[in-house]
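Read through the structure below, which is laid out as structure tokens, and then see the notes.
Read-outs: derived from the displayed coordinates by stated rules, not from any lab. Computed from a predicted structure; not experimentally measured. We place every Cβ from the backbone using ideal geometry, glycine too, and count neighbours over all the protein chains shown.
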Amino acid sequence: MFVTADRGVSDLVAFVLTFSIIIAGVGIVSVGAYGSLGEFSDREQVDSAERGLVAGATALDDIHRETDTRRSFTLGLSGGFVYLNESTINVTVSRPDDNETLSAHNALEHRFNPQGSGPVSIAYEAGGIFGSNAVGARYGPSVRCTNETAVVSLVNLTTADSIAVSEGFSQQTVLNPNALSLPQGAPVGISDQTLSFDARLESVETAVVREGTVTIDVGDSANPTRWEEHLNQPATEWSGEGPSFECDRDTIVVRVTTIELSV
């Protein structure tokens, strides 16, 4: 009888210890992994936004580089905020007798506000894609200073209405200190997480110069630091520390394509 009682107590103690170890292990894993899972989710949101903008940039390149007249693309909101951020990139061509300046305006920006960190954005601007949390261009703009020719081909974005669409994001939050102003209202209402854009060719400006200097000023761009990192690469051969960069070449071609976006 005593042997049987002892064995029952031992089984009970073993069960309690095993169950306690399981509960403690689950608790430790839950607490330790929660932050990592949150970080992974935030990172995947940004990566997804970048892939969406790259696909959009490819569609816009059909207008910008291939002279198509109309294209469409979609962006998944993924809990972020999509808006047209006011920005300016000035390109000045200097000839012996005069100067000419062409400008590209506005950036299509996808902004997130991850928990525990500051805002993160991915922006399509002037034909390139730049991320606030990544070095250089995620999708290279058509800006080259090589051999005997300088080519600067930029995209100017415009819209008949404000573009400001969010899902689970406050539009009252100051999203970008570099923005001159933020749109106050969204022209559309959405019932899902996908935003569809129509892009239409509006105009093309071109300047061709023999023997001159072209200067790019990115000081009023949506992301000056990333533009400067891109233009400071040795392979680009641009001179300057920023926000202005110069290139002297025998032939200079500057092209600004204006594309109207609508949602």
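Odds and ends about this structure:
- Extended-chain gain in nm, criterion 0.36 nm per residue less alpha-carbon gap, THR146 and ASP62: 27.9 nm
- At q = 0.15, 0.23, 0.27, 0.31 Å⁻¹, base-10 log of I(q)/I(0) for the stretch 117-164 (Debye sum, equal scatterers on each alpha carbon): -0.56, -0.92, -1.02, -1.10
- Between ARG200 and THR236, full extension at 0.36 nm per residue minus the direct alpha carbon distance yields a gain of 9.9 nm.
- For the stretch 60-128: Kirkwood Rh in Å [reciprocal of mean 1/r, alpha carbons]: 14.8 Å
- For the pair ASN99 and GLU260, a Förster radius of 25 Å applied to the C-beta separation gives a FRET efficiency near 0.35, rounded to the nearest 0.05.
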